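Written below as structure tokens is the structure these notes are about.
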Amino acid sequence: MIVAEQKSLPDLKRMMKGKKKVLAVGCGTCVSVCFAGGQKETRGLAKALQTAAAVDGDELVVEEKTVQRQCVQEFIEPLADDLGEYDAVLSLGCGVGVQTMAERYPTTRVLPGLDTNFMGQPTEPGVWEERCVGCGNCVLEYTGGLCPITRCPKQLMNGPCGGAEDGMCEVDTSVPCIWTKIWNNSENLNLMDMLMEVQPPKDWSTSRGGGMRRTVVRDDLHQPFAIGKATTAEVEAAKAAEGSADDGVAATVAADPDASAREDAFLKDLGLA
Amino acid sequence: MSGQAQAKDDAPTAPRWKSGSNLERVLAEGHFAVTGELGPPKSMNTDLVRKKISQLKGFVDAANITDNQTGIVRLSSIGTGIILEQEGLEAVIQMTCRDRNRLAIQSDLMGANIHGIKNVLCLSGDHQSFGNHPGAKNVHDVDSMQLIRMVQEMRDLNKFQGGEEIKGGGPRMFIGTAASPFSSPIPMRPYRLAKKVAAGADFAQTQMVFDMDGFKEYMKKVVDLGLHEKIAILAGVGPLKSPPMARFLHEQIPGIIVPEENIKRIEDAGKGIDSDDKKALAEAYRAEGIKLCIEQIQEIREIEGVAGVHIMAILWEAAIEPIVKGAGLYPRPEPAPLDDDAAEDA
Ligand code: SF4
């Protein structure tokens with residue numbers, strides 16, 4: 001999941017300066033699981049900002065709404081009618097959510113309410129840890145399922161540096177040295193031979209070094225109308241080509257504007273439902 | 001002498017020397033090698049560099065020049081190394097993966113080599129969070145293992161990491177690596193050295209060794225694996241300056257274990273001296289630190305598989321001379337000069 005934290009109140013107040021009416025938009029997926037931008041947090045933050053403004057003698061109304069998935073255009077569509085009323089949107093989605101909003105509503109000022117931290121997991125109550133940097137070239141095969149690209153501060157690929165002591169990392173002694181963990185489990189997994197092979201320099205072109213990554217995961221699903229960007233004519237043409245009249249998502253969406261049906265259709269389209 | 005013999009054994013096309021560096025030749029002739037360390041200043045004060053050079057020259061076969069160590073910006077290791085070469089002290093430039101990607105590393109290695117630098121120590125690098133620019137972005141495009149392999153392929157295969165040929169030949173570097181016998185996971189450490197040998201390292205310098213028993217165990221495993229025949233292992237040593245400094249090394253520096261008895265010995269050296277007489281105390285501690293270091297070198301010399309020592313006298317370059325002399329390692333050998341053939345090969 002994506003892990004994020006709310007920005008500090010001073011930062012948020014600075015962003016609110018000069019605005020009279022703002023819509024805070026939460027997200028019901030990852031950032032709600034890490035208690036940063038779900039419905040509850042969005043409500044709380046809207047109230048806090050309004051109170052803070054009142055204390056400073058500023059006039060500010062912060063209303064709030066939470067969508068199920070801010071990173072998917074389908075789910076922010078219902079906001080279209082109301083946005084004209086607001087001076088700005090404060091998005092409590094992750095960085096993807098903020099940008100989905102900003103690109104769908106280019107004439108609305110969309111501000112980030114969160115700092116998006118990483119892809120990770122909860123490890124104990126109230127603690128989330130990073131597990132994947134999304135380098136696009138997974139090495140977990142060689143490392144017993146533990147990622148040194150993410151979890152070693154030096155991104156070493158061939159074993160630990162000289163800084164590991166008592167199994168902990170020199171850079172943050174509260175965090176285990178991942179290479180010590182990999183080594184200690186290597187016998188169980190029969191990985192020793194693999195660990196002795198010199199891993200060649202990594203191809204980082206699939207990582208951030210290559211700029212924004214655009215991945216078409218499933219060509220069979222990559223149809224322009226599936227994400228509602230195609231014109232009606234294109235949809236009709238595609239349907240005709242497919243020889244099917246009732247099997248596109250766009251059609252389902254058009255036929256049933258109800259939000260939950262839209263979500264079902266979306267998930268079905270991704271092969272998830 | 002043994003350089004000539006080596007040349008005969010080698011394939012006819014192979015160059016006589018990997019790098020022709022003084023360190024390579026001292027080791028090839030079977031001498032017990034001595035290297036030292038020179039930290040460049042946080043400025044462009046070359047007088048300081050020259051002063052340190054004068055304290056090391058003649059007492060070590062080559063001196064490591066640190067590369068922004070502990071993540072603190074300093075005069076560049078290559079820039080400083082060029083001064084060393086001009087002054088007749090051989091340089092081992094340290095090269096970290098923290099600050100440079102594979103493009104910069106390869107280009108800098110060639111740049112260093114054309115200025116006469118022939119030794120490189122390949123390191124991952126201290127993390128930037130320890131230094132004076134903690135907000136810096138680190139690079140780590142390649143790791144230290146991949147760096148070793150890259151330098152080795154540039155030298156022996158004349159090819160860039162990307163696969164292209166280096167026209168006219170790659171930089172001829174004697175390739176060093178760090179070894180840390182006392183870091184986690186300890187049982188893995190000899191194997192890690194084996195991997196570095198496989199990657200192409202020619203010599204290793206260890207983290208400072210005080211725990212002789214632990215080091216002997218490590219070396220035994222290294223010898224069992226036959227690594228000492230493939231790589232020259234220089235044991236890291238260093239004089240303890242004072243009890244607080246000894247404790248600091250033990251507690252704060254990963255991979256350094258200073259046994260309590262060593263710390264006590266330095267402490268005891270101050271016994272009977274008026275605690276207000278700071279100067280006399282400091283002198284007593286230092287004298288004992290140098291004495292202990294000399295004894296440790298002598299003990300290390302007896303350990304099978306050790307090819308030399310790497311003396312790290314942190315901010316105390318003046319200690320090098322008495323240590324080297326006291327350990328009976330002075331004068332330093334002068335290996336047979338590179339003849340014209342060798343120079344051409346190189
Ligand atoms: S101690 Fe371990 S995790 Fe930390 S930087 Fe070194 S190898 Fe990486």
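The figures follow:
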quantity	calculated
Residues located in the range A:185-211, provided they are within 16 Å of the ligand (Cβ to nearest atom), part of a helix (DSSP H, G or I) and crowded, with 17+ Cβ neighbours inside 10 Å	A:Ser186, A:Leu195
Given (1) under 30 Å from B:Pro187 (Cα atoms); (2) touching a residue at least 40 places away in the same chain (Cβ under 8 Å), index of the condition B:Glu295 fails	(2)
Total residues in the range A:149-159, condition more than 7 Å from chain B (Cβ to nearest Cβ) and either of a type in the set (A, V, I, L, M, F, W, C) or surrounded by 24 or more Cβ atoms within 10 Å (Cβ to Cβ) (or both)	2
Selection within the range B:12-44 - in a strand (DSSP E or B) and open to solvent by 20 Å² or more (accessible area, probe 1.4 Å)	B:Glu37
Considering residues of the range A:171-183 that are open to solvent by 30 Å² or more (accessible area, probe 1.4 Å) and touching a Ser or Thr at 6+ places or on another chain (Cβ under 9 Å) only, the residue farthest from the ligand (Cβ to nearest atom)	A:Trp183
Lone unmet requirement of (1) surrounded by 21 or more Cβ atoms within 10 Å (Cβ to Cβ); (2) over 14 Å from the mean Cα position of the chain (by Cα); (3) away from the ligand (no atom under 16 Å from the Cβ) for B:Glu85	(1)
Residues of the range B:88-111 satisfying the condition of being over 25 Å from A:Lys202 (Cα atoms) and open to solvent by less than 20 Å² (accessible area, probe 1.4 Å)	B:Leu89, B:Ala91, B:Val92
All positions within the range A:105-123 that are in a strand (DSSP E or B) and hydroxyl-bearing (Ser, Thr, Tyr)	A:Thr116, A:Thr123
Conditions (1) away from the ligand (no atom under 16 Å from the Cβ); (2) modelled with pLDDT of 70 or more; (3) of a type outside the set (A, V, I, L, M): number failed by A:Thr252	(2)
Condition check for B:Met188: touching a Phe, Trp or Tyr at 6+ places or on another chain (Cβ under 6 Å) and either surrounded by fewer than 24 Cβ atoms within 10 Å (Cβ to Cβ) or within 11 Å of chain A (Cβ to nearest Cβ) (or both)	yes
Criterion: open to solvent by 10 Å² or more (accessible area, probe 1.4 Å), more than 18 Å from B:Glu299 (Cα to Cα) and among the small types (Gly, Ala, Ser) - qualifying residue of B:Gly255, B:Gly226	B:Gly226
Qualifying positions in the range B:133-185 - in a strand (DSSP E or B), surrounded by 18 or more Cβ atoms within 10 Å (Cβ to Cβ), within 14 Å of chain A (Cβ to nearest Cβ) and touching a helix residue (DSSP H, G or I) at 6+ places or on another chain (Cβ under 7 Å)	B:Ile175, B:Thr177, B:Ala179
Close pairs (7 angstrom Cβ cut-off, 6 or more residues apart or separate chains): on the phi > 0 side of the Ramachandran plot in the range A:146-163, within 10 Å of the ligand (Cβ to nearest atom) anywhere	A:Gln155/A:Pro148; A:Gln155/B:His140; A:Gly159/A:Trp179
Scan of the range A:160-170 for residues that are open to solvent by less than 40 Å² (accessible area, probe 1.4 Å) and more than 6 Å from the ligand (Cβ to nearest atom), ordered by number	A:Gly162, A:Gly167
The range A:43-94: number of residues that are more than 27 Å from A:Val33 (Cβ to Cβ), surrounded by 14 or more Cβ atoms within 10 Å (Cβ to Cβ) and aliphatic (A, V, I, L, M)	3
Criterion (surrounded by fewer than 16 Cβ atoms within 10 Å (Cβ to Cβ) and within 16 Å of the ligand (Cβ to nearest atom)) met by exactly one of A:Glu130, A:Glu124	A:Glu130
Which numbered condition A:Ile149 fails, given (1) under 22 Å from B:Lys137 (Cβ atoms); (2) within 9 Å of the ligand (Cβ to nearest atom)	(2)
Criterion: of a type outside the set (A, V, I, L, M), assigned to a helix (DSSP H, G or I) and more than 10 Å from every other protein chain (Cβ to nearest Cβ) - qualifying residue of B:Lys196, B:Lys221	B:Lys221
Search result, residues across the range A:119-142 that are touching a residue at least 60 places away in the same chain (Cβ under 8 Å) and small (Gly, Ala, Ser)	A:Gly120, A:Gly134, A:Gly136
Search result, residues across the range B:170-210 that are among the small types (Gly, Ala, Ser) and either closer than 26 Å to B:Ser19 by Cα or away from the ligand (no atom under 14 Å from the Cβ) (or both)	B:Gly170, B:Gly176, B:Ala178, B:Ala179, B:Ser180, B:Ala194, B:Ala198, B:Ala199, B:Gly200, B:Ala201, B:Ala204
Hits in the range B:80-127 (condition: polar (S, T, N, Q), farther than 14 Å from B:Met154 by Cβ and without any contact (Cβ under 8 Å) to a residue 60 or more places away in the chain)	B:Thr80, B:Gln86, B:Gln94, B:Thr96, B:Asn101, B:Ser124
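The values are calculated or read from the model by the stated rules, or taken from the named source; none is laboratory data. These numbers come from a predicted model, not from an experiment. Because the Cβ atoms are built from the backbone with ideal geometry, glycine has one as well, and the counts that use them run over all protein chains shown. Side chains are part of the model used for accessible areas, which takes the heavy atoms of the whole protein and leaves out ligands, DNA and RNA. Shrake-Rupley method; radii C 1.70, N 1.55, O 1.52, S 1.80 Å.
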